[in-house]
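Peer 1: First the structure, then my questions, so here it is.
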Amino acid sequence: MPIVDDALIGRIFREESGRSVATLIRTFGDIDLAEDAVQEAFGVALRKWSLEGLPPNPGGWVTTTARNRAIDHLRRESRGRELLAQVAEIADEPTGEESGPVEDDRLRLIFTCCHPALSIEAQVALTLRLLGGLTTAEVARAFLVPEPTMAKRLVRAKHKIKAAHIPYRVPSEAELPERLRPVLAVLYLTYNAGTNGPSGDELRYEAIRLTRSMASLMPDEDEVAGLLALLLLTESRWPTRFAANGSLILLRDQDRGLWDRSLIDEGHAIVRTCLRRNQPGPYQIQAAINAVHCDAPSFESTDWYQILALYDQLLVMTPTRVVAMNRAIALAEVQGPEAGLTILDGLDLDEYHLFHAARADLLRRLGRPDAATVAFTRAADLATSDAERAFLVARTGMARSDIQ
Amino acid sequence: MPRYLLSTHSVAGATREPMTDEQMQKAWEPIQALESEMKSAGAWVFSGRLHDADTATVVRVSGSEILTTDGPFVEAKEHLAGFYIIEAADLDAALGWASKVTRTISAPIEVWPFVATEGG
């Protein structure tokens, strides 16, 4: 039996609270009530489980306890009693095994959280708070804003959902393309937020879990499948991305034997299905790029021509500076560092640390250690995570030693 | 049922070429068609088009007296030009009507939820 401590309950909270909150929102139609009740239920769990051990179905236990708490709250208010009369039948449902409709609840909730009537910042914050079970402080940290700012953002967004009656349902077929775009963007942002910071693993797993359930609920949406493949293939390399001291390890230096084959196989299978369907989109192409990387037994044997061709296609669909930058890095592998550097120097990305890191790498390969040192220093100054900073500081030292 | 204000704004000084009666009729037809669609769907509560901002008058309390002045209250480049008040099941339904209005009149539509009052 696992030791029931705060860490374990915290983990269960991350994994289960989204389901519970989503189910309670369906039952009671009130986000704050659902959130508070689930929070309280975990408070009870913390005391009870550490004494008695885990119940057979912790998530179901939390949902049932939270539902009872919410009913208690509503009984204390007269408006609550009216609402209770309406939801009485639903609240009496057996709750032992939460399965089918619960996934639907999470899907409904993500479409509410990612409604285009909300700002993208609010969409991400709501998704992480309500579905990811992060605290307001953790959401604030993940997006580098002060906690009061994030708290205000969440309050305002929840108020808008309530006041404007943003619906809690999966959009119709006709609405879907427009409504899916922000959902995928939020899931991708969530995964990326999980590539650094204290709650990183949970964020990445949550992003993958949510994307996986979306993919199974919307099997005809190729971009959902594409995003899932992209996340799986990126995640497959995760254990090899950091050295023991926490510093970043570049793709070229990673131990490919340690990449997670089962994630790669799953990602590859999805990419192949997408290729057969031939409805390419930005996530599918990024997944394909990652599939090429995961296919290569070594960095040198990577099929850079194919990667460059995929970046060409991606750049047409999403002509952003970051895509142009990544294309330039691929170009450098095909045509040499000079060609890559020429493109990079034409891009206005001065505030982006990876831009300076990419330039520095090419400068070093071109035998210009002075310029490389300057660029690595700038990259290290701008780095957003400790792992990247440690890596870039070490690179700065290497470039500097080239000078002598 | 939730109520929403769908409002459209006119930009001060951006006066259009005056329309002939025939053009006016042509422009009006799809707007009327949409309005009857709203009515038969049970969504329409009220709608209206407003005269220009320089026809507006402001009344306010100044000390113990009522002060009446010319002009709209808000000093802005854009002013309320017309609106619909509709009933819709939720924001998506309201946005559906707003999409139809914006297509019909070729101007952006602002969708505002009303605060629910007793008795709707």
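Peer 1: What residue, among those in segment B:72-94 that are surrounded by 13 or more Cβ atoms within 10 Å (Cβ to Cβ) and under 17 Å from B:Asp52 (Cβ atoms), is farthest from the other protein chains (Cβ to nearest Cβ)?
Peer 2: Among residues in segment B:72-94 that are surrounded by 13 or more Cβ atoms within 10 Å (Cβ to Cβ) and under 17 Å from B:Asp52 (Cβ atoms), the one farthest from the other protein chains (Cβ to nearest Cβ) is B:Pro72.
Peer 1: Would you confirm whether any residue within segment B:31-54 is within 14 Å of chain A (Cβ to nearest Cβ), out of contact with any helix residue (DSSP H, G or I) (no Cβ under 6 Å at 6 or more places or on another chain), under 30 Å from A:Arg169 (Cα atoms) and among the charged types (D, E, K, R)?
Peer 2: no
Peer 1: Quick one: would you say B:Gly13 is small (Gly, Ala, Ser), out of contact with any strand residue (DSSP E or B) (no Cβ under 8 Å at 6 or more places or on another chain), at pLDDT below 90 and exposed (fewer than 15 other Cβ atoms within 10 Å of the Cβ)?
Peer 2: Values: small (Gly, Ala, Ser): yes; out of contact with any strand residue (DSSP E or B) (no Cβ under 8 Å at 6 or more places or on another chain): yes; at pLDDT below 90: yes; exposed (fewer than 15 other Cβ atoms within 10 Å of the Cβ): yes.
Criteria met by B:Gly13.
Peer 1: Filter segment A:162-178 down to the residues that are at pLDDT 90 or above and more than 7 Å from chain B (Cβ to nearest Cβ) and list them by number.
Peer 2: So the first thing to find is which residues in segment A:162-178 are at pLDDT 90 or above, and the list is A:162-168.
Matches in segment A:162-178: A:Lys162, A:Tyr168.
Peer 1: Picking from B:Ala76, B:Ala89, B:Ala94, B:Ala98, which residue would you name as being under 17 Å from B:Trp44 (Cβ atoms) and over 15 Å from the mean Cα position of the chain (by Cα)?
Peer 2: Details: B:Ala76 fails: under 17 Å from B:Trp44 (Cβ atoms); B:Ala94 fails: over 15 Å from the mean Cα position of the chain (by Cα); B:Ala98 fails: over 15 Å from the mean Cα position of the chain (by Cα).
Matching residue, one of B:Ala76, B:Ala89, B:Ala94, B:Ala98: B:Ala89.
Peer 1: Residues in segment B:91-109 that are in contact with a Leu (Cβ under 8 Å, 6 or more places away or on another chain) and assigned to a helix (DSSP H, G or I): how many?
Peer 2: To start, the set of residues in segment B:91-109 that are in contact with a Leu (Cβ under 8 Å, 6 or more places away or on another chain) comprises B:94, B:97-98, B:100-101, B:104, B:109.
Retained after the next criterion (residues that are assigned to a helix (DSSP H, G or I)): B:94, B:97-98, B:100-101, B:104.
Result for segment B:91-109: 6.
Peer 1: Quick check, is A:Ile264 assigned to a loop (DSSP other than H, G, I, E, B), at pLDDT 90 or above and more than 23 Å from A:Thr318 (Cβ to Cβ)?
Peer 2: On the way: assigned to a loop (DSSP other than H, G, I, E, B): no; at pLDDT 90 or above: yes; more than 23 Å from A:Thr318 (Cβ to Cβ): yes.
Taking the combined requirement at face value, the residue does not satisfy it.
Peer 1: In addition: Which of the numbered conditions does A:Arg204 fail, given that it passes all the others? Conditions: (1) free of Cβ contacts under 8 Å to residues at least 40 places away in the same chain; (2) not in a helix (DSSP H, G or I).
Peer 2: Here A:Arg204 meets the rest and fails (2).
Peer 1: Moving on. Across segment B:95-120, which residue is nearest to the other protein chains (Cβ to nearest Cβ) among those that are small (Gly, Ala, Ser) and within 12 Å of B:Ser7 (Cβ to Cβ)?
Peer 2: Step one: filter segment B:95-120 for residues small (Gly, Ala, Ser), giving B:96, B:98-99, B:106-107, B:116, B:119-120.
In the following step, the residues that additionally are within 12 Å of B:Ser7 (Cβ to Cβ) were identified as B:98, B:107.
On the way: B:Ala98: 11, B:Ala107: 19 Å.
Of everything passing the filter in segment B:95-120, B:Ala98 is nearest to the other protein chains (Cβ to nearest Cβ).
Peer 1: Please list, ordered by residue number, the strands (runs of 3 or more DSSP E) wholly in segment B:1-85 having 2 or more residues that are in contact with a His (Cβ under 9 Å, 6 or more places away or on another chain) and on the phi < 0 side of the Ramachandran plot.
Peer 2: Details: elements: B:3-11, B:44-49, B:57-62, B:65-70.
Passing ranges, in order: B:3-11.
Residue-wise test of (1) among the basic types (Lys, Arg); (2) in the same structural domain as A:Arg129 (by TED's automatic domain parsing); (3) out of contact with any Asp or Glu (no Cβ under 9 Å at 6 or more places or on another chain); (4) part of a helix (DSSP H, G or I).
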| position | (1), (2), (3), (4) |
| --- | --- |
| A:Ala151 | no, yes, yes, yes |
| A:Leu154 | no, yes, yes, yes |
| A:Ile166 | no, yes, no, no |
| A:Glu178 | no, yes, yes, yes |
| A:Thr190 | no, yes, no, yes |
| A:Glu223 | no, no, yes, yes |
| A:Gly226 | no, no, yes, yes |
| A:Glu235 | no, no, no, yes |
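Peer 1: Oh, and also: Being surrounded by fewer than 21 Cβ atoms within 10 Å (Cβ to Cβ), out of contact with any strand residue (DSSP E or B) (no Cβ under 8 Å at 6 or more places or on another chain), under 26 Å from A:Arg129 (Cα atoms) and outside the structural domain of A:Ala185 (by TED's automatic domain parsing) narrows it down to one residue among A:Met218, A:Met214; which is it? Please lay out each step first, then the result.
Peer 2: Working: A:Met214 fails: surrounded by fewer than 21 Cβ atoms within 10 Å (Cβ to Cβ).
The match here is A:Met218.
The values are calculated or read from the model by the stated rules, or taken from the named source; none is laboratory data. Please read all numbers here as calculations on a predicted model, not as lab measurements. Because the Cβ atoms are built from the backbone with ideal geometry, glycine has one as well, and the counts that use them run over all protein chains shown.
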